[in-house]
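Q: My questions all concern the structure below.
The values are calculated or read from the model by the stated rules, or taken from the named source; none is laboratory data. Because the structure is predicted, anything quoted here is derived from the model rather than measured. All Cβ positions, even for glycine, are placed from backbone atoms using ideal geometry, and neighbour counts span all protein chains on display.
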């Protein structure tokens with residue numbers, strides 16, 4: 001199992017171009033913390049993986065992106081080799 005902690009500090013030192021950009025909130029982009037977990041197993045010709053993203057369902061946005069990040073979500077994959 002692998003854990004991942006991703007974070008960004010508040011971005012409040014803005015250039016004039018950032019201040020004029022409607023994707024950036026007035027005063028800057030708030031800071032955030034996101035925790036992700038991943039795990040997988042391999043056995044003979046089979047590989048299975050699972051992941052959980054944004055465990056705490058944090059509302060966040062990468063500075064300047066204009067798009068919010070993933071909410072709490074999960075995924076699973078399976079690979080069979082012949």
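Here's the yes/no breakdown for (1) modelled with pLDDT of 95 or more; (2) part of a strand (DSSP E or B); (3) surrounded by 12 or more Cβ atoms within 10 Å (Cβ to Cβ); (4) touching a helix residue (DSSP H, G or I) at 6+ places or on another chain (Cβ under 8 Å):
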position: 4; (1), (2), (3), (4): yes, yes, no, no
position: 18; (1), (2), (3), (4): no, no, yes, no
position: 22; (1), (2), (3), (4): no, no, no, no
position: 26; (1), (2), (3), (4): no, no, no, no
position: 36; (1), (2), (3), (4): yes, yes, yes, no
position: 39; (1), (2), (3), (4): yes, yes, yes, no
position: 42; (1), (2), (3), (4): yes, yes, no, no
position: 55; (1), (2), (3), (4): yes, no, yes, no
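Q: Do you know which residues across the stretch 41-67 are over 27 Å from residue 17 (Cβ atoms) and without any contact (Cβ under 8 Å) to a residue 12 or more places away in the chain?
A: 41, 42, 43, 44
Q: Still on this structure, please answer the following. Output the residues belonging to the stretch 2-39 that are in contact with a strand residue (DSSP E or B) (Cβ under 7 Å, 6 or more places away or on another chain) and either without any contact (Cβ under 8 Å) to a residue 12 or more places away in the chain or at positive phi (or both).
A: The one that is in contact with a strand residue (DSSP E or B) (Cβ under 7 Å, 6 or more places away or on another chain) and either without any contact (Cβ under 8 Å) to a residue 12 or more places away in the chain or at positive phi (or both): 28.
Q: Counting only residues that are within 20 Å of residue 13 (Cβ to Cβ) and within 12 Å of the chain's Cα centre (by Cα), which one in the stretch 57-71 is surrounded by the fewest Cβ atoms within 10 Å (Cβ to Cβ)?
A: The residue in question is 62.
Q: Follow-up. Tell me whether the stretch 58-80 contains one or more residues that are in contact with a strand residue (DSSP E or B) (Cβ under 8 Å, 6 or more places away or on another chain), modelled with pLDDT of 95 or more and over 22 Å from residue 2 (Cβ atoms).
A: Yes, the stretch 58-80 contains a residue that is in contact with a strand residue (DSSP E or B) (Cβ under 8 Å, 6 or more places away or on another chain), modelled with pLDDT of 95 or more and over 22 Å from residue 2 (Cβ atoms).
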